[in-house]
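Asker: What follows is a single structure, and I will ask about it in a moment.
The values are calculated or read from the model by the stated rules, or taken from the named source; none is laboratory data. All of these numbers come straight from a predicted model, not from anything done at the bench. All Cβ positions, glycine included, derive from the backbone under ideal geometry; neighbour counts span all protein chains shown. SASA here: full protein model, heavy atoms, side chains in, ligands and nucleic acids out. Shrake-Rupley method; radii C 1.70, N 1.55, O 1.52, S 1.80 Å.
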Amino acid sequence: MAEWGAAAGSVDEVLLASPRSFCAGVERAIEVVEQALRRHGPPVYVRKQIVHNTRVVADLRARGAVFVDELDEVPDGGLTVFSAHGVSPAVRREAARRRLPLVDATCPLVTKVHSEARRFAGRGDTVLLIGHAGHEETEGTLGEAPERMRLVPDLAAAETVQVDDPSRVSYLVQTTLAVDEAAGILDALRRRFPALAGPGSDDICYATTNRQRAVTTVAARSAVVLVVGSANSSNSRRLVEVAERAGARAHLVDDVSCVDLRWLAGATTVGVTAGASAPPGLVDEVVAALVALGAREVSEHPTVVEDVSFTLPKEVRQP
Ligand code: 10D
Ligand code: SF4
């Protein structure tokens, strides 16, 4: 009760970062599973989490999606969906060998990075992938040319990574990294490899970039920022870090039940945003709770309007 009272006494204003929540790649990936369930009926097997969000996965599971770690858990003939984060060619080969009926929900902007990896490696470059170890997206991208690619997870690695021929080096970036952090790593790589070549357009995608810019704006005016998203969501975790660098205390919450009232004690202004895989309804619940605690004003803080959408894969497209 004391924690409730302290939080209730202080929260006055809620600043909503915009854009926030679902991106075009996540909307498409969820729609792929929904359409597959509608047309084929359950079970539909999904390799890995379709997107890194607990609620999205639980909802689809309740409707008949079966989430598996690897293809050997899919029975012969089982309709299979690849997650939004993409897969390596080895996984594609295995699906083809087993003749699994397949729908690929890989975000087209992840596919773009895979194409660049093939192009750079194919011309003989050592390809430096700035990204996080163990993440499904980087594992898939590295799988395009494992012998020619090196993962660069941080500045320390940028200072020490070895290449075969410094005149033939290129870089790629995981789509969900922090823009400022990736820029620092890239600077270090450019210093070491002046001939470093890169992609024609940024690999960090529009949704990642826009959500980071939006949270920076609200974090600068907030004591605390609540980021709705799951713990394994790279882009959501980056929003927490970016908000902290902009001067706020920031916390990642799967949903409103994860909000610790002690975080809010003494905070008059609370910023709210959500990662690209977090459903908008979860944000609404957080805002409703802040209003119930006594926030008098809730305002939107748009930085950019998004109008990106992707067509569905042909297997689940409406005729
Ligand atoms: O962990 P993450 O940020 O890469 O993925 P999440 O599923 O949270 O968000 C969507 C981003 C994708 C699919 C990577 F591009
Ligand atoms: Fe695609 Fe970007 Fe969304 Fe990832 S965060 S699914 S790359 S639009």
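Asker: Please go through segment 289-304 and give me each residue that is open to solvent by 20 Å² or more (accessible area, probe 1.4 Å) and either within 16 Å of ligand 1 (Cβ to nearest atom) or touching a residue at least 24 places away in the same chain (Cβ under 8 Å) (or both), ordered by number. Full working, then the answer.
Answerer: Initial filter on segment 289-304 (open to solvent by 20 Å² or more (accessible area, probe 1.4 Å)): 289, 291-292, 294, 296-304.
Passing the criteria: Ala289, Val291, Gly294, Arg296, Glu297, Val298, Ser299, Glu300, His301, Pro302, Thr303, Val304.
Asker: Condition first: within 16 Å of ligand 1 (Cβ to nearest atom) and at pLDDT below 95. Now tell me which residues in segment 159-201 satisfy that.
Answerer: Restricting attention to segment 159-201, the residues satisfying the condition of being within 16 Å of ligand 1 (Cβ to nearest atom) are 172-179, 181-182, 199, 201.
Of everything in segment 159-201, just one residue is within 16 Å of ligand 1 (Cβ to nearest atom) and at pLDDT below 95, namely Ser201.
Asker: Continuing with this model, one more query. Within the set of pairs 6+ apart or on separate chains, which have a first residue in segment 268-281 that is more than 7 Å from Phe22 (Cα to Cα), a second that is of a type in the set (Val, Ile, Thr) and open to solvent by 10 Å² or more (accessible area, probe 1.4 Å), and C-beta atoms under 7 Å apart?
Answerer: Between residues of segment 268-281 that are more than 7 Å from Phe22 (Cα to Cα) and residues that are of a type in the set (Val, Ile, Thr) and open to solvent by 10 Å² or more (accessible area, probe 1.4 Å), the close pairs are Val272/Val287.
Asker: Do you know which of the residues in segment 271-288 that are within 16 Å of ligand 2 (Cβ to nearest atom) and more than 17 Å from Arg238 (Cβ to Cβ) is most open to solvent (accessible area, probe 1.4 Å)? Show your work before the answer.
Answerer: Filtering segment 271-288 down to residues within 16 Å of ligand 2 (Cβ to nearest atom) leaves 273-280.
Retained after the next criterion (residues that are more than 17 Å from Arg238 (Cβ to Cβ)): 279-280.
Numbers: Pro279: 24, Pro280: 67 Å².
That would be Pro280.
Asker: Tell me which of these Gly184 doesn't satisfy, since it passes every other one: (1) closer than 29 Å to Asp69 by Cα; (2) open to solvent by 10 Å² or more (accessible area, probe 1.4 Å); (3) in a helix (DSSP H, G or I).
Answerer: Condition not satisfied by Gly184: (1).
Asker: Which of the residues belonging to segment 34-87 are free of Cβ contacts under 8 Å to residues at least 40 places away in the same chain and touching a His at 6+ places or on another chain (Cβ under 8 Å)?
Answerer: Of everything in segment 34-87, nothing turns out to be free of Cβ contacts under 8 Å to residues at least 40 places away in the same chain and touching a His at 6+ places or on another chain (Cβ under 8 Å).
Asker: Can you say whether Leu151 is open to solvent by 30 Å² or more (accessible area, probe 1.4 Å), within 28 Å of Lys314 (Cα to Cα) and of a type in the set (A, V, I, L, M, F, W, C), as far as the supplied structure shows? Lay out the reasoning, then the answer.
Answerer: Values: open to solvent by 30 Å² or more (accessible area, probe 1.4 Å): yes; within 28 Å of Lys314 (Cα to Cα): no; of a type in the set (A, V, I, L, M, F, W, C): yes.
Taking the combined requirement at face value, the residue does not satisfy it.
Asker: Can you name every residue in segment 1-21 that is hydroxyl-bearing (Ser, Thr, Tyr) and in a strand (DSSP E or B)?
Answerer: Pass one, segment 1-21, residues hydroxyl-bearing (Ser, Thr, Tyr): 10, 18, 21.
Matches in segment 1-21: Ser18 only.
Asker: Same structure, new question: Could you figure out which of (1) touching a Gly at 6+ places or on another chain (Cβ under 7 Å); (2) within 16 Å of ligand 2 (Cβ to nearest atom) isn't true of Ile50?
Answerer: (1)
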